[in-house]
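Okay, here's the structure, questions in a sec.
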Amino acid sequence: MFGYVTVYKPELKVKEYEAYKGVYCTLCKEMGKEYGVLSRFLLSYDGAFYVLYKMGMANENVTAEKSRCTFNPCKKCAKVTCESDIYKLASTITVVLAYFKLVDNLKDGKGIKKLFLYLLLPYFSLLKRKALKKYPDIFAEIEKGMQEQFEIEKDSNASLDKSAHPTAKMLGWLFAYNECETTKQSAYDFGYHLGRVVYFLDAFDDYESDMKEKSFNPFKNSEKFIDVATMSINMSMGVLSQIYEEQNLNQFSPIIENVIYDGLSYRQEQIIKKYRGDKSE
């Protein structure tokens with residue numbers, strides 16, 4: 001999910017942060033098991049958030065136990081397991097998104113960068129084949145979303161809402177995946193508006209580089225792009241918060257709320273500081 005869906009650690013209790021890290025570490029191990037040890041380098045906290053949200057929505061029975069890091073056996077970590085296949089699902093989503101990110105970068109890459117990406121392509125193609133075998137429906141939906149995004153970005157005058165829609169729709173579908181009828185629409189709405197937030201954050205963060213490379217950016221026609229981006233992100237975060245508040249609280253609510261109310265806002269603030277030249281924390 002693009003690297004923006006993270007916790008704001010200063011506002012988390014120690015036990016909450018330990019649970020968060022436990023889910024992250026467990027997902028890391030599951031990715032190694034499902035897609036090989038090198039796939040662990042694709043891991044992000046976005047995937048951990050997806051696991052937390054899905055386990056919370058399903059009120060999963062969770063088991064926590066002490067474990068050790070595969071890469072550093074001297075380091076202790078927690079292992080947070082559940083009865084469903086949510087970790088396998090999150091692993092697949094992570095590698096499929098990484099594959100299409102590589103394909104997208106190849107289209108825009110130049111020179112040495114493009115050559116390096118081509119060298120990575122055989123490995124990512126192997127991950128693609130594994131994912132396609134395990135979850136063909138997941139692969140097909142992400143492929144469709146990425147293609148729709150690519151087609152829309154051919155129009156340099158596409159509106160903000162139109163630009164964000166394919167990514168938002170794709171994440172909505174992923175968050176609603178395997179949900180029961182009573183929670184499916186709510187989970188879709190949550191994922192959809194989270195998708196809008198991360199799309200706008202990513203576009204905001206990449207604005208300067210996109211302008212230099214003459215790449216598509218939904219904010220490029222805005223004279224005051226910082227104000228427009230901030231407004232777009234805040235409006236989407238407002239809707240996201242409202243949707244979440246209507247959902248049932250669960251064992252992971254403090255962590256999920258931290259991401260929604262603090263983590264996303266912190267990432268936005270860091271981007272604003274970057275453009276305004278504020279180096280302070």
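All of the numbers you see were taken from the coordinates with simple rules; none came from a lab. The shown structure was predicted, so the numbers you read here are calculated from the model rather than taken from an experiment. Positions of Cβ are generated from backbone atoms using ideal geometry, with glycine treated the same way; all protein chains shown enter the neighbour counts.
Among Thr183, Thr6, which comes first, then next, by fewest other beta-carbon atoms within 10 Å? Working shown, then result.
On the way: Thr183 15, Thr6 20.
Sorted ascending by nearby Cβ count, the order is Thr183, Thr6.
For every other residue with a beta carbon closer than 13 angstrom to the beta carbon of Ser67, add +1 if it is Lys or Arg and -1 if Asp or Glu, then tell me the sum. Can you show the working numbers first?
Details: positive: Lys21, Lys29, Lys66, Arg68, Lys75, Lys76, Lys79; negative: Glu18, Glu30, Glu65.
So the environment of Ser67 carries a net charge of +4.
Tell me, how many Å apart are the Cα centres for the stretch 223-281 and for the stretch 115-140?
A separation of 31 Å, based on Cα centres.
Now a separate question. Provide the gained length on full extension for the span Asp227 to Lys15, in nm with one decimal, where the gain is 0.36 nm per separating residue minus the Cα-Cα distance. Walk me through the numbers on the way to the answer.
On the way: separation 212, 0.36 × 212 = 76.32 nm, distance 3.71 nm.
Computed gain between Asp227 and Lys15 is 72.6 nm.
How are the alpha carbon pair distances in the chain distributed across 10 Å bins from zero to the largest one, expressed in percent?
P(r) for the chain, in whole percents per bin: 6, 27, 36, 25, 6, 0.
For Cys77, Cys180, which order do you get if you count the other beta carbons within 10 Å of each Cβ and list the fewest first? Don't skip to the end; give the middle numbers.
On the way: Cys77 19, Cys180 9.
With the fewest neighbours first, Cys77, Cys180 line up as Cys180, Cys77.
Here is a further query. Among Phe175, Phe116, Phe200, which one shows the biggest mean-square fluctuation in a GNM of the chain, springs joining Cα atoms closer than 10 Å?
Taking springs between Cα atoms under 10 Å, the residue moving most is Phe116.
OK, next. Where does the chain land at 222 nm, in deg cm²/dmol rounded to the nearest 500, when only DSSP H runs of n ≥ 4 count, each adding -39500 (n - 2.57), divided by all residues?
Details: 11 runs with 188 residues, N = 281.
Result for the chain, helices only: -22500 deg cm²/dmol.
Taking 23 Å as the cut-off for C-alpha to C-alpha distance, list the pairs among Lys113/Lys169; Lys162/Lys224; Lys21/Lys88; Lys29/Lys169; Lys29/Lys76; Lys9/Lys134 that go past it. Before the final figure, lay out the partial values.
Values: Lys113/Lys169 30 Å; Lys162/Lys224 20 Å; Lys21/Lys88 17 Å; Lys29/Lys169 29 Å; Lys29/Lys76 14 Å; Lys9/Lys134 34 Å.
Result: Lys113/Lys169; Lys29/Lys169; Lys9/Lys134 exceed 23 Å.
Most mobile of Leu132, Leu52, Leu97 per a Gaussian network model of the chain (Cα springs, under 10 Å)?
Leu132
Oh, and also: Ranked highest first by average number of other Cβ atoms within 10 Å, how do 41-47, 247-253 line up? Mind dumping the intermediate values first?
Details: 41-47: 19.1, 247-253: 15.3.
Sorting 41-47, 247-253 by mean packing, highest first, produces 41-47, 247-253.
Moving on. List the lysines whose Cα lies under 25 Å from the Cα of Lys114, skipping any in the same chain that are fewer than 8 positions away.
By straight Cα distance, Lys114 reaches Lys101, Lys128, Lys130, Lys144, Lys154, Lys212, Lys214, Lys220.
Here's another thing I want to ask about it. In whole percent, what relative contact order does the chain give with Cα contacts below 8 Å and a gap of six or more residues?
It comes to 21 percent, rounded to a whole number.
Amide H neighbours of Gly3 under 5 Å, counting only residues 5+ apart in sequence or on other chains, H built in-plane at 1.01 Å?
Close amide H contacts, sequence-distant or interchain: Asp46.
Using θ = phi - 60° and the Karplus relation 6.51 cos²θ - 1.76 cosθ + 1.60, list the HN-Hα couplings for the stretch 21-28 in order, rounded to whole Hz, with x at every Gly or Pro.
Residue by residue, the stretch 21-28 yields 5, x, 5, 4, 5, 5, 5, 4 Hz.
Would you tally the net charge around Phe204, using a Cβ to Cβ cut-off of less than 13 Å, leaving Phe204 out, and scoring K and R as +1, D and E as -1? Walk me through the intermediate numbers first.
Details: positive: Arg196, Lys220, Lys224, Arg267, Lys273, Lys274, Arg276; negative: Asp202, Asp205, Asp206, Glu208, Asp210, Asp227, Glu269.
Cβ neighbours under 13 Å give a net charge of 0.
Among Thr182, Thr230, Thr26, whose mean-square fluctuation peaks in a Gaussian network model of the chain (Cα, cutoff 10 Å)?
Residue with maximal mean-square fluctuation among Thr182, Thr230, Thr26: Thr182.
Follow-up. For the stretch 124-177, what is the relative contact order in percent, using Cα pairs closer than 8 Å and at least 6 residues apart in sequence? Write out the running numbers ahead of the final one.
Values: 20 pairs, mean separation 17.6, N = 54.
In percent, rounded to a whole number, it is 32.
Give me Rg/Rg_expected for the stretch 33-169, where Rg uses Cα atoms only and Rg_expected = 2.2 N^0.38 Å with N residues.
Values: Rg = 17.6 Å, N = 137, 2.2 N^0.38 = 14.3 Å.
For the stretch 33-169, the normalised Cα radius of gyration is 1.23.
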